[in-house]
Structures are given as C-alpha cells and as structure tokens.
C-alpha cells in the first residue's frame, strides 16, 4: 500500500469538497482497501464517507429508495426489500461472506471492481488498470471471464450480484457532484469496455452515489436470484440469473431477466423477456425462451461452457418461480 | 466401553490468542523482513533499482543475489529430495515465477513492505518450460535415491508380463485420472523469528519436526546442530508443508546473523504458493484385468508427476487389493520452471486412492457388481511383497458397518435413477488404507515438587491434538489426573531417539510413536522416584525397602507421602527418567483402514455437485482421545473432498505464473460446503504395533474421500469426471 492522506467527511457537501484529483471515497472499505493493499489502486487522498448520512430504506412515490451507505446485510434483511423484491434480498444474501455483507455498502457494491486476476495483479498488463498495456486474459486463464459485451481490449466480468438484480428491476441511481444532483438508469450507468475499459461507468470526477431507487413493481414479489458458483458461499458467480415474472391464469404477462457472471456489465436479456411474454408458465416455454439468450456471445478458450450455463441458469430460476 | 474423550488442553490458549505462534514473537531490536519475488519464470535478473527502497524510511538492509547473507551449506538428506536445495538468493538465475529475488529488512513491517514495493527489477526473460501438460509426453524414469523406495518400479511376480496378463483377462478397463497441483494453504504462514547469541541460534519457526528443522538449519548455516534451538510449540497447520526447511526460515536466520539483530520474516499469502512447497500435478493411468466374477487378475498403474516426492503407485496400489499380476511404475518431468514440489497430507495416498478407488468403481459398473462386493472379492490379507500378514485388519467390518449406517442399500444401481426435484441424488463409496508405522522415540517423564509431572518429546502439534494426547497418556501411565501433566513438545532441545523419529509429526505416526515411549519413560521415572524416596535425605520413606508408587503417592515402611511433598521435603527440583520405545515387531505389516460413503446432489440444470451426506467408519486401533480423533478424521475427509470439489492450483503454461495464488481465487471449501460428518470408530486395539494399541489417523480421512465423491457424482448423473476438481461446468449435460 502506498502512502496517502486521509480525511473524514460528515456531510455530502463536505465529502464533495474534500474530493479531488486522485482521491477515492472510502465507505465499507471491502473493495478499496483490498485494491490499495494490492497496489491496483493507489489514491493520493482518501475521503472517508462512513459518517455521511446517506442512510434510509423507505417507500416513496417512485418506488423503494435505498441510501447508498446502507450495509448489504441490513438491506437484505429489511422487510421493504425482502417481501416486495425477493430477487434483491437473495442476490445480496448470496454475495460475499457475512463479514463482508456487514461492512460493505450498497453504493460501494455497485462500484466494486472486476475480479479478473490480471486486473488484480499489478505485475501483469491490464488495459483496465493501465490503458494500452494489453489484456492477458484473452489468451490466458479466462474461465471466469465474460462472453457478452467483451472487446479485444477487455473480457473482464462485472462482479456484482446486486447490480444484476437491480438491472432486472430497472433501478435508478441518485448521484451528487459539484454540478448538483442527477439520476441515471443503472442500465445506462455501466459502460461496455470497447477500446476504453478503464472508463467503467458514467460517474464524473468527485461524484458520489447517494442512493438507489427501485421502481414499484408489484409483481416482482414473484422473483428470484439463482447463482451458480464453484463453492456454496464466498465466491463470485460463474453465472447468475435475476428473474421476475408476472403470471396470470397460467400465462406469463411480463418478465424481467438479467444475468451475471457472463457480461462485462450486468446483462439484461430483453429477447428472453419477449419470448416469455404471452406463453404458458411451464418448462417447455422456459427452454424455448432461452434458446437465443447467449446470441452474440464470444466464448473464450476456458469458458466455452458459459453459453449453455447461461441458458440453464435462467431456466432453473424460472422453474423455481413456477414451483 | 466408554472411549476416553477430552477437550484440547491448548484450546483456551488458542481461542483467546494466548497461544503464541512463531510470528507472534517480538524481540527487542527486532528487524522485519519482506520478501520480493520474481515476475518471470525463467531467465536472469539483469539489474535491480534499489535507490527508492533504500531511501524509504526505516530500511536497514536489502539482500539481493549480489549481496546476500552467508549460507555455508545446503539442504541434505531427505530435505534434498522433498524441499528446495538451491539456497535463496543463490545467484541471478530465475527458475520459477515467484522465486525470491530480494529480502528487505526494515524497522517495521509496514516499512519493509513499502520499501519492497519500490524495488524495480529488470529481467532478461526466456520462454519458460512450465507446462506439466506439455512435459508429460517427455517424462522420464526418476533417478533412484538410496534408501528411498519412491519411484522404484514394483513388479509381482518379478518377471510379470503385465500386458499379457491384461490381455488374458476376461474384462479389462483402462482409465486415466488427472489431478492438478495443490497448495497446503495452512492458516499460519511460514514465519520465523531468529536471534543469535554467542554463536547459537534460537529460532521461533513453525515446523512439524523441530529437531529436523534444527538439523537442516545447522547444515545450511554451517553450525553445529546443538547450536540451533528451534522453538515451535504451536503450529497453525502443516500438512507436510512444514515438514522440511524452506527459504523464509533460512533467510531469517542468516540475516539475523549478519545484522546482529533479531529478524522476523513472515511469508506473504501469495508468496506461500511459490517459495514454499506444493503438491505437484499428477496423471495416473490404471489398467485393470478381471474375471467376470470380479476377481482381479492384473493391475497396471503408471504415474507421471513433476517430482518423485509423491509416488501414488508405491503408496497405494500394493496395499488395497489382491491380484496375481501387478506392475507399478512412475515417471517424472524434471526441469520444469515451476516452484519446488514437496509432500502434502497423505502424499501419494491421496492421489493414488482417488485413481484406484475410481477405477474400481468403473470396473464394478462394467461387471454390473456392487462396488463393495467387488472390493470384498479382492480383499487383501497379507502384503503383496513378502506376504506379511496384517497385524489387525477389520476393513470388512468398516464396509459392513458403514453400509448400514449410511443406508447403502438405498443406492440406485443405475446412474441417474434417483432424483429429488431438480436434484439428481447419488451415492458413492471408497476405501482408505494408510500405512501405520511408528518409529522408536525417547520421552522424558519427570516428577516435580509442585505435584505435576512433565512429559516431553521433540514432536510437534500442528493442530492434531498431540498436546492433549500426551497429557492423557502421561496421566494414564502415572495414575494422575491429566491436569497435573505438563506436556512439552515443539522444541528441538527435547528428547528424540535419532534419525528415525527426527521428522516429528509426519506420516500420521506421531501418536503411535510417542505414546508407547511415554509408557516406558513413566515406568523408568516411577522406579527413579521410588529409589529417591527410599534413599534421599529428608524423605519420610528413607530406608524403607517396600516403596511402592500408585496414583501420585508413595508408600513404604508403613508411611505414605505424595511425590510433591516428597520432592519438597528432599529439596529436589525434579526426579525423572528417559524411556525409549521398543522396536517394531517386523513379522507383521501395519495399516489403518476406513470406508467412506458419500451422497451428493447434482443440480439437473446447472450441474453444481453438492455434498449432502458423508459417513466414515475407521479401523485405526485404539482411539486415545475420541474428540481429537474425530476432529482429525472430519478435517482429513474435508481436506480430501476439497480436491474433488474445488481446490486447484492453476499454472499458466506460457508464463509459469500461478493465476490463482491467493485465497480469494484458490478455492478451499467453506462451512456451507460441508455437512455434519458421521464418523464411527471400530474398537480393535493394535497391541502388536504398540502397548497403547493406537495406529495413525491424521491422514486417513483424506485418503479415498475424493473418490467417494466422484463415484457419488457418477451414480447421480452417469458422468465420470476423471479430472479434478469436479466443477459445475464438467457436469453440464
């Protein structure tokens, strides 16, 4: 870890004031401190926002608001989350470990960096960490890497489970910066890597995530998150699916489907949603609907199993909701 | 009979943090060392820019290949086979990714780490030869090492024509099993605190064999063995990784001598993957020839591995099944630009049992026979070579009791037959056989005036429960409550017999080795105490000719006194004796046995194989402490299952870099992956092995566990995965 200066802020205003070139906000610290120890990031200045009152989980006219500084564990267990949006609670509970969920915040979760082993090892090249240095993952150990939204410059998977659930629910972010407040669809927040994988999202310098709004969606009570991984806890997804369905008279009226572990960002699958709409809620429908889920995928040498796994993970989630 | 069971006597110290492990030691004036490792796998260090590091605060010294602390020798003996013989910083050549290229020493650990990050190394890199996959086809027969049976072909009979025997069999199958590299990943990293005084080294360094560690360090440092004092009362896991001496301890000792200050070196988690040993990848091919009735006619077992250290053929195949024709061989792939391979828990036994117990399952399927029935038809009553009878073998009872406890009769004969919703449910079983030796060793038992007795031996407790077993055995031998026994271990100054037991706690033989010697030493100590009571000035029993000892009291001449009172009255600090255990009866062979039964549930959509039940029935002689023994078996089983479920060192063939050299990406099972293990001990004391009747169990649970899992996965799905670990992607239909 490189030496840095530290300041604690007590308000959003103070935080924005103290932030500057080369600074980083410190919330739960579960990503930032790790990456600083690895010297993947070396901010000159750290602004601790732990005491900034970006709290609250409340129902409002636009839906459910979750303050950016709420802890993952608290959100997962909250009745305003767990009952109307099981997919969110399940995604949170299957994330990381209890210790990390007790520390990590919602804002920090959405900003966590990829788990690509080359990104996390400064002794190797990485276009995301050092633009132009190259991407060893394309020909290297890429079993956990993405098959959707990749480029020749970067094939890193987006790691957040929560972001997948929120993408399915079309959540919006509240942001505050020097220029004031704005909101942005989460789906528009994350960038594809293209030729500039180091630009991961639309956050402006010094800007803070202040909260997340999940739109009201009564039928999202029938939703679930399925996560496939190499061990049963404390591991990132090989593939995951966030699925919600609106079923009436045995027929699917509406569906939301997003996938994790396969994309360079949380991956919404509108074509699958469309293929489910108007069809009977049964396994044959699900298997037919996912046939094209992985269209356009670019599998790598070690993750050729992912297109099939993606299709099957979605089917499994739908079968859960049918059961 | 109720089996003895006792809480670990060191438990409280461990959970409160009072137990001091090597890196917990802080000495006045101590300097902290941080290792810098190479980022290429083959080539040469051209230059090192140390200016920024030297200018950083608190830096005391930086050692590099051009400026290194003195080593007078290298590792010899067994360590030369099982550990890295090239001294650290020997020269500028780089032989593997993650090799030590510098040691930074600073006043604080942060300063050392910080300065290390400022060092810029320029390499002349060459394309490495790091792919075991590619090297397999050029594997060669290993050189023979005098006194070491590993790698030596085994043929039964000597002139066996195994190909002809296979061809003449009614049924033959041939299968290849691949196991990736594996890393010990013990909780406590290799760490050492070294201090010199008057030419003598005291080193706090976690080790499985304090006396061997002292011997090896003395060789490397060019001093007498008696001048190296290793202190290692607590070891946070060894698993073979701390059986021999590795660079971090050597560097701490050598740097402390150069600097004239105490030095601490703690290996970083990523560095443990490369600068200390690992289990090499292996590829094993089995060919079995059998009669239709299941009787084996021929076994051919050919292994390829990176090094000689773990020979699955030697360790496994002669000890499981009777067959008239056997051919076992091994080849190695020397010269790979990879970190040094060493031994790891159940070396050779784990990998060998995976392949053998899977291929037996495959043969059972081929024959349409129950896997247990196939094993019983080939039951081994005596050793393959020499036909020595086994001292006490109740493996058949393990199968019978285990099948009953587990509900083996409910297993679906046809793979994929049993489902529960979206889960395919399967059952598998496997056998575990582990050689059960013991070495003669020497123990000192002494009575003290405060009413306690010490029991000392230079073995170690790497979490195995040895502290507790020594207290319990001492208590039994002296007729005292265990809380009046003060065990002493983990110290090279304590007694040991010599070359045969110098390696301390290895080979699952520590309990079987140490406990008989405690009984002998206790007898000698009691005799000394009685003599003292009869002769010492101030003894109330002085002059009595009928002194007897029982349960801490001496009686004689109509008088009685406790030994504490006696030693207080005579003003004696202690009365004790050393005792050495008797040699092993070599008319028999010795082994521990177990039968594993595993149930898995495999998701029909996404393929995750989840462990759902596990039963192990153990035949390991007398169980001296049921509680720690159960802990040993469950820990061992999970260790073995980890290889089946998730553990895998991933080496990039093109760079020699281990791409998952950290505990986030190198997956060990977590609690959610485990179940409540059902462990049952048979009770057949092996009194031919020793008076305590205890055989080894430390590695037994590990042996065969992965095969039971793989066989259960096959029973659940019909898929036979022969390359570990068995991850979901390998089971997608």
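A few comments on the model shown:
- Order by protection proxy (mean Cβ within 10 Å, highest first), peptides A:25-32, B:42-49, B:698-705, B:447-454: B:698-705, A:25-32, B:447-454, B:42-49
- Residue order, fewest to most surrounding Cβ atoms within 10 angstrom, among B:492, B:391, B:353, B:659: B:391, B:659, B:492, B:353
- Scaling the Cα radius of gyration of the stretch A:130-250 by the globular reference 2.2 N^0.38 Å produces a ratio of 1.26.
- Separation of the stretch A:259-323 and the stretch B:228-275, taken as the distance between their Cα centroids, equals 51 angstrom.
- Efficiency of FRET between residue B:148 and residue B:422 - r from beta-carbon atoms, R0 35 angstrom, step 0.05: 0.10
- Among A:288-300, A:172-184, B:259-271, sorting by the average number of other beta carbon atoms lying within 10 angstrom of each residue, highest first, gives B:259-271, A:288-300, A:172-184.
- Averaging the sequence gap over all C-alpha pairs within less than 8 Å and six or more residues apart, then dividing by the number of residues, gives chain B a relative contact order of 17 percent.
- Taking only the C-alpha atoms of chain B, Rg followed by Dmax gives 27.1, 86 Å.
- Projected area, mean over directions - the stretch A:1-53, Cα convex hull, nm²: 3.3 nm²
- For the peptide B:726-732, the mean number of other protein chain Cβ atoms found within 10 angstrom of a residue's Cβ is 5.
- Per-pair calculated FRET efficiency, R0 = 30 Å: residue B:3 and residue B:187 via Cβ, rounded to 0.05: 0.60
- Here r is the Cβ-Cβ distance between residue A:304 and residue B:483 and R0 is 60 Å; the resulting FRET efficiency, rounded to 0.05, is 0.45.
- Per-selection Kirkwood Rh - the protein assembly as shown (Cα, Å, 1 d.p.): 31.5 Å
- For the pair residue B:76 and residue B:531 in one chain, pulling the backbone fully straight at 0.36 nm per residue adds 159.4 nm over the alpha carbon distance.
- Among A:116, B:398, a tally of other beta-carbon atoms within 10 Å of each Cβ gives an order, fewest to most, of B:398, A:116.
- Summary value for the stretch B:423-521: 39 percent relative contact order, contacts being C-alpha pairs under 8 angstrom separated by 6+ residues.
- For residue B:49 and residue B:134, the difference between the fully extended length at 0.36 nm per residue and the C-alpha to C-alpha distance is 27.0 nm.
- Average beta carbon contacts from partner chains per residue of A:231-240, 10 Å cutoff: 6
- Computed over the stretch B:442-580, the range of Cα coordinates on each principal axis works out to 49, 27, 22 Å, biggest value leading.
- Space enclosed by the convex hull of the alpha-carbon atoms of the stretch B:265-366, per residue, Å³: 104 Å³
- Ordering of B:591-601, B:213-223 by burial proxy (mean other Cβ atoms within 10 Å per residue, highest first): B:591-601, B:213-223
- Globularity index of chain A is 0.98 (Cα radius of gyration / 2.2 N^0.38 Å, N = number of residues).
- Packing-based exposure ordering (other Cβ within 10 Å, fewest first) of A:23, A:233: A:233, A:23
- Per-residue shielding of A:140-150, expressed as the average number of other chain Cβ atoms within 10 Å of the residue Cβ, stands at 2.
Computed from the coordinates by the stated procedures, all read-outs in this text should not be read as laboratory data. This one's a predicted model, so the numbers in the text were calculated from it and none came from an experiment. Glycine gets a Cβ as well: all are built from the backbone with ideal geometry, and neighbour counts include every protein chain shown.
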